[in-house]
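What follows is a single structure, written as structure tokens, with notes after it.
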Amino acid sequence: MEVSKRNKRREEEERMSFQSIEEVRARCEKEEISFWKAVQLEDAAERDVAPEDSWKEMKHMWQAMLDGVDAYEPGLISRSGLVGKEGGLMEEYA
């Protein structure tokens, strides 16, 4: 493997996202930051964007999740009948 490819791969490995909650917690303790901030900083570094841009993307994803919850109809099932209703059943169970 060429030296430049090896260096690039090493850099990518060094910037991999968290592999466990414990890794996030360790960073929080080490840097005295909150959980969400550790995730934001990791995302920004991984995607090579400013933390503010990471925050905008996270807000967008959060809104998409909220929209999905609001639009959920427990009685709907897929055409094949293989997908659907489980979310409503889980909600009743909980």
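Quick notes on this one:
- So Glu31, is it loosely packed, with under 14 Cβ neighbours inside 10 Å and either among the β-branched types (Val, Ile, Thr) or over 30 Å from Gly88 (Cβ atoms) (or both): yes
- Note on the range 36-69: residues that are outside the structural domain of Glu86 (by TED's automatic domain parsing) and under 26 Å from Met90 (Cα atoms) total 0.
- Segments classed as helices (runs of 4 or more DSSP H), wholly inside the chain, with at least 1 members that are modelled with pLDDT under 85 and either of a type outside the set (Ser, Thr, Tyr) or in contact with a helix residue (DSSP H, G or I) (Cβ under 9 Å, 6 or more places away or on another chain) (or both): 3-14, 86-93
- Qualifying residue in the range 49-63 (condition: among the acidic types (Asp, Glu), farther than 26 Å from Phe18 by Cβ and without any contact (Cβ under 8 Å) to a residue 40 or more places away in the chain): no
The values are calculated or read from the model by the stated rules, or taken from the named source; none is laboratory data. Everything numeric here is computed off the predicted structure, so don't read it as measured data. Cβ atoms come from the backbone with ideal geometry, glycine included; neighbour counts cover every protein chain shown.
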